[in-house]
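In what follows, a structure is listed as structure tokens, so that the remarks can point back to it.
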There are 2 protein chains.
Amino acid sequence: MPAFEHLVVLLYSTFNKMKNVSRRGFVERLGVGLGASILLPSFTAYPQRGALPYATKKLQVAVCGLGRYANLVREGLAASQYCQLAGIVTGSPTKASQWKAEYHIPEKNIYSYQTFDTILANKSIDLVYITLPNGLHKEYTLRAAKAGKHVIVEKPMALTEQDCQEMIAACQRAGVQLAVGYRLHYEPHHIELKRLGQEKVFGQVRLIEASLGYRLADIDPKDWHLNKALAGGGPLMNLGVYCVQSSRYVLGEEPVAVTAQFGPVTLPHLFTEVEESITWQLYFPSGAVCTSTATSTCNIDRFFASADSGSFELSPGLSYGPFRGKSSQGAFNFPVINQQAAQLDGIAYYLLANKPLPAHISGEEGRKDLRVLEGIYTAAKSGQKVSLR
Amino acid sequence: MPAFEHLVVLLYSTFNKMKNVSRRGFVERLGVGLGASILLPSFTAYPQRGALPYATKKLQVAVCGLGRYANLVREGLAASQYCQLAGIVTGSPTKASQWKAEYHIPEKNIYSYQTFDTILANKSIDLVYITLPNGLHKEYTLRAAKAGKHVIVEKPMALTEQDCQEMIAACQRAGVQLAVGYRLHYEPHHIELKRLGQEKVFGQVRLIEASLGYRLADIDPKDWHLNKALAGGGPLMNLGVYCVQSSRYVLGEEPVAVTAQFGPVTLPHLFTEVEESITWQLYFPSGAVCTSTATSTCNIDRFFASADSGSFELSPGLSYGPFRGKSSQGAFNFPVINQQAAQLDGIAYYLLANKPLPAHISGEEGRKDLRVLEGIYTAAKSGQKVSLR
């Protein structure tokens, strides 16, 4: 288990031993600063807030694309230990003014999409966090890399596996690191799912049911999620990626084949370009199967895994939670954390040390997901089982 | 809502108002006699134990096929209000002696498969409950009907829709009634699922996930469930029928198309004739989709439905429970009942009155399930979407 996740698990272990500190109190403190020594007397190996031994400053982050998700990233930055909101990239002068005033962004760190490439000369920005629509991920990753900045790109990493490969190569050439915004890799319930699956605590996992959906009946018809060029697809791209991800990291395997089916269109005035819902089945080398639905027709948010001698599940399970879950050994008792802060600190922990990012948060991980997502679409369109070997 | 189910719901309502009677006490009493007046002071419309106004005696039941399931039926008969174990049909002299001694079966009411047809002359048997392997359901239903006996046949009703049609026709010709052992129609959690779905309490149901499986790694390789001729198929036939049933009665619709996929064989020494696992997707006229897995690879037992403004779920959900569940309005609080006793009394309530059985427990309901099960197999074998119109 990589160092940062190990540390998170250790924190929860400590938390569970503390009888006199309320869970809420701990969670609130966890959100604003992991490792405050007064709360964690038995845990001394972890550095104090803002004092990584190898870091002289926080990672300076520019957020690129100020849509809804950018606000979650901003809140994560505010709660993070090793990162700081330093700049913005936006096409909206109104948003630029607003963020500048509210979050004290220096004028020199504010970019439009036209001026973005001049960020090359700005030494006060270390990393660009791309929260643009999916269809713009590739272009802005390439431009950020060319400008010498590390990149975190939101999931799905791009629209195709080929795009991902180009993004990975561009970052390698530029000597910058590329991460995908896989927040759940830093979330304690999901770290536990991964442990239960990969360490075969209940034996081999045989069947996973993982589904995520939000009813979008009231969405603005102009929302980019409904636009094929900007979104790349419907709920499979935006939600299904969590189902694919979780099945892959719980099993620790890559699927070798997929079958898939488009669901019916119940909101035809909205879903003219992208699918409204889709179901699929992933087949893994061990013989495990994962069945999933990603949908904009209704709400669903569940993860369940059945192994030889037990099962484990979360519901809510793949959204922003708060997660609830259990295994055959009993209910989970993990705190609610700021998922973006944990992810940002998990990434910064490596970047500040100039160490390579672990594979599971890297561009390579994003590429593997896109390979599967493309396979799902191919299977749904053809009605045929598609090999992913 | 048919009278008997209405009555069950009324009983629970009464139960929930009783503050001084423990739940377990109520449940035990419910198992041995619905409607004892001392327990149910506010419920007077319901007849006393054994005193249906139109019935002079209990329904006399012969159990045909003394395998594992026959013991559940026997326990149900012992706990039932309107039925009584009167006879047996078995190929095993040992079992015949054992049941005769333990359950006081008169010698004249004990039949072998060779002597079974002479039951025609036995006026002390009203109904034959067929708990034989699936592949024998048709033959023994036809023979029981010819002998002038009412029939309850366990699910799945037969191996094909055509078989079901022949069984229905034979019972009609013989002037006997034919029921399928759909115990969950009399189970309070499932009566509530049906109400929530069909009455659209949370609006239109859009997506159902219903899966049932038991890991059969340790099953006797000679068990009839592994034998194609006797079982008709693998877990789809024995477990999948519950997933199909529940989706049909929650939606109150018949599926119009199906896609399906066989799962991998992980126990190749056992699953040489029937599938080890299967996944499928049912498409309903309303646009609702039901995704399911029936498997012998691992344990799974879940039902979930998402509607426009809320969801409802059970887990355990399709087995013998005890069921646990909730809706968007909160946790369910229904008692645990003897499912076989409730089903037997539900059926006897009509047979003793010489009234036609409600459609949802009739042979016609079994036929509709077989139509879907056959469609699932056709879809899985062909890899094509199969129309059920």
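Please pick out the residue among A:Ser292, A:Ser306 that is surrounded by 22 or more Cβ atoms within 10 Å (Cβ to Cβ), under 19 Å from A:Gly233 (Cα atoms) and in the same structural domain as A:Leu226 (by TED's automatic domain parsing). Reasoning before the result, please.
On the way: A:Ser306 fails: under 19 Å from A:Gly233 (Cα atoms).
The unique qualifying residue is A:Ser292.
A:Val250: in a strand (DSSP E or B), more than 18 Å from A:Gly213 (Cβ to Cβ) and not acidic (Asp, Glu), yes or no?
no
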Exercise. Is there a residue in segment B:155-168 that is out of contact with any Leu (no Cβ under 8 Å at 6 or more places or on another chain) and farther than 21 Å from B:Thr378 by Cβ?
Worked result: no
Conditions (1) at pLDDT below 95; (2) under 29 Å from A:His225 (Cα atoms); (3) crowded, with 18+ Cβ neighbours inside 10 Å -> A:Leu39 fails only (2)
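What number of residues within segment B:254-271 satisfy the criterion of being in a loop (DSSP other than H, G, I, E, B) and either over 20 Å from B:Tyr214 (Cβ atoms) or more than 10 Å from chain A (Cβ to nearest Cβ) (or both)?
From segment B:254-271, those in a loop (DSSP other than H, G, I, E, B) are B:254-256, B:263-271; that's our starting set.
Right, trim to either over 20 Å from B:Tyr214 (Cβ atoms) or more than 10 Å from chain A (Cβ to nearest Cβ) (or both) and you get B:254-256, B:268-271.
The qualifying residues number 7.
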- Does A:Glu275 qualify as being buried (at least 24 other Cβ atoms within 10 Å of the Cβ) and touching a residue at least 40 places away in the same chain (Cβ under 8 Å)? no
Per the filter on segment A:354-370, residues on the phi < 0 side of the Ramachandran plot and outside any helix (DSSP H, G or I) are A:Lys355, A:Pro356, A:Leu357, A:Pro358, A:Ser362
Residue pairs within 8 Å by beta carbon, gap of at least six or interchain, first lying in segment A:151-170 and under 28 Å from A:Arg74 (Cα atoms), second open to solvent by 10 Å² or more (accessible area, probe 1.4 Å) and of a type in the set (Asp, Glu), listed first then second, are A:Met157/A:Asp163; A:Thr160/A:Glu374; A:Ile168/A:Glu364
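B:Ser286: more than 7 Å from every other protein chain (Cβ to nearest Cβ), in contact with an Asp or Glu (Cβ under 7 Å, 6 or more places away or on another chain) and either within 20 Å of A:Arg215 (Cα to Cα) or not small (Gly, Ala, Ser) (or both), yes or no? Let's see the steps before the verdict.
Values: more than 7 Å from every other protein chain (Cβ to nearest Cβ): yes; in contact with an Asp or Glu (Cβ under 7 Å, 6 or more places away or on another chain): yes; either within 20 Å of A:Arg215 (Cα to Cα) or not small (Gly, Ala, Ser) (or both): yes.
Yes; evaluated as a whole, the condition is true for this residue.
Quick test for you: out of B:Ile119, B:Ile88, pick the one residue that is surrounded by 15 or more Cβ atoms within 10 Å (Cβ to Cβ), of a type in the set (A, V, I, L, M) and part of a helix (DSSP H, G or I). Step through it out loud before you land on a result.
Numbers: B:Ile88 fails: part of a helix (DSSP H, G or I).
After applying the criteria, what remains is B:Ile119.
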Going through segment A:330-351 in order, the residues found to be open to solvent by 30 Å² or more (accessible area, probe 1.4 Å) and in contact with a strand residue (DSSP E or B) (Cβ under 9 Å, 6 or more places away or on another chain) are A:Ala331, A:Phe332, A:Phe334
Flag if A:Ser311 is closer than 20 Å to A:Glu187 by Cα, open to solvent by 10 Å² or more (accessible area, probe 1.4 Å) and more than 19 Å from the chain's Cα centre (by Cα): yes
Within segment A:272-283, restricting to residues that are within 23 Å of the chain's Cα centre (by Cα) and of a type in the set (Asp, Glu), the one that is farthest from the other protein chains (Cβ to nearest Cβ) is A:Glu275
(message) Checking the structure you have, find out if any residue of segment A:223-239 is at pLDDT 95 or above, open to solvent by less than 10 Å² (accessible area, probe 1.4 Å), more than 14 Å from every other protein chain (Cβ to nearest Cβ) and touching a strand residue (DSSP E or B) at 6+ places or on another chain (Cβ under 8 Å).
(response) yes
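Tell me yes or no: at least one residue of segment B:371-384 is part of a loop (DSSP other than H, G, I, E, B) and within 14 Å of another protein chain (Cβ to nearest Cβ). Break it down into steps so the answer makes sense when it comes.
Restricting attention to segment B:371-384, the residues satisfying the condition of being part of a loop (DSSP other than H, G, I, E, B) are B:383-384.
Next cut, within 14 Å of another protein chain (Cβ to nearest Cβ) only: B:383-384.
Yes, there is a match, as at least one residue in segment B:371-384 is part of a loop (DSSP other than H, G, I, E, B) and within 14 Å of another protein chain (Cβ to nearest Cβ).
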Residue pairs qualifying under the 6 Å Cβ cut-off, at least six apart or on distinct chains, with the first in segment A:305-320 being more than 8 Å from chain B (Cβ to nearest Cβ) and farther than 14 Å from A:Arg206 by Cα and the second being open to solvent by 10 Å² or more (accessible area, probe 1.4 Å) and not in a loop (DSSP other than H, G, I, E, B), are A:Leu314/A:Gly325; A:Pro316/A:Asp301; A:Gly317/A:Asp301; A:Leu318/A:Tyr242; A:Leu318/A:Asp301; A:Ser319/A:Asp301
Being over 30 Å from A:Thr291 (Cα atoms), assigned to a helix (DSSP H, G or I) and of a type in the set (Gly, Ala, Ser): is that true of B:Ala170 here? yes
Pairs returned, first residue in segment B:234-253 that is among the aromatic types (Phe, Trp, Tyr), second residue that is part of a helix (DSSP H, G or I), beta-carbon separation under 8 angstrom, 6 or more apart or interchain, are B:Tyr242/B:Leu184; B:Tyr249/B:His185; B:Tyr249/B:His190; B:Tyr249/B:Leu193; B:Tyr249/B:Lys194; B:Tyr249/B:Gly197; B:Tyr249/B:Gln198; B:Tyr249/B:His360
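Mind listing just one residue for me: the one in segment B:197-222 that is among the hydrophobic types (A, V, I, L, M, F, W, C) and within 14 Å of chain A (Cβ to nearest Cβ) and, of those, most open to solvent (accessible area, probe 1.4 Å)?
First, pick out the residues of segment B:197-222 that are among the hydrophobic types (A, V, I, L, M, F, W, C): B:201-202, B:205, B:207-208, B:210, B:212, B:216-217, B:219.
So of that shortlist, the ones also within 14 Å of chain A (Cβ to nearest Cβ) come out as B:202, B:205, B:207-208, B:210, B:212, B:216-217.
Working: B:Phe202: 11, B:Val205: 3, B:Leu207: 8, B:Ile208: 0, B:Ala210: 0, B:Leu212: 2, B:Leu216: 46, B:Ala217: 28 Å².
Among those that are among the hydrophobic types (A, V, I, L, M, F, W, C) and within 14 Å of chain A (Cβ to nearest Cβ), it is B:Leu216.
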Residues of segment B:185-235 being of a type outside the set (Gly, Ala, Ser), within 18 Å of the chain's Cα centre (by Cα) and not in a helix (DSSP H, G or I), in sequence order, are B:Glu187, B:Leu212, B:Tyr214
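The values are calculated or read from the model by the stated rules, or taken from the named source; none is laboratory data. Not measured: the values here are computed from a predicted model. As a convention, Cβ positions derive from the backbone with ideal geometry for all residues, glycine included, and neighbour counts pool all protein chains shown. Ligands, DNA and RNA are stripped out before the accessible areas are found, and what is left, the full protein with its side chains, is counted by its heavy atoms. Shrake-Rupley method; radii C 1.70, N 1.55, O 1.52, S 1.80 Å.
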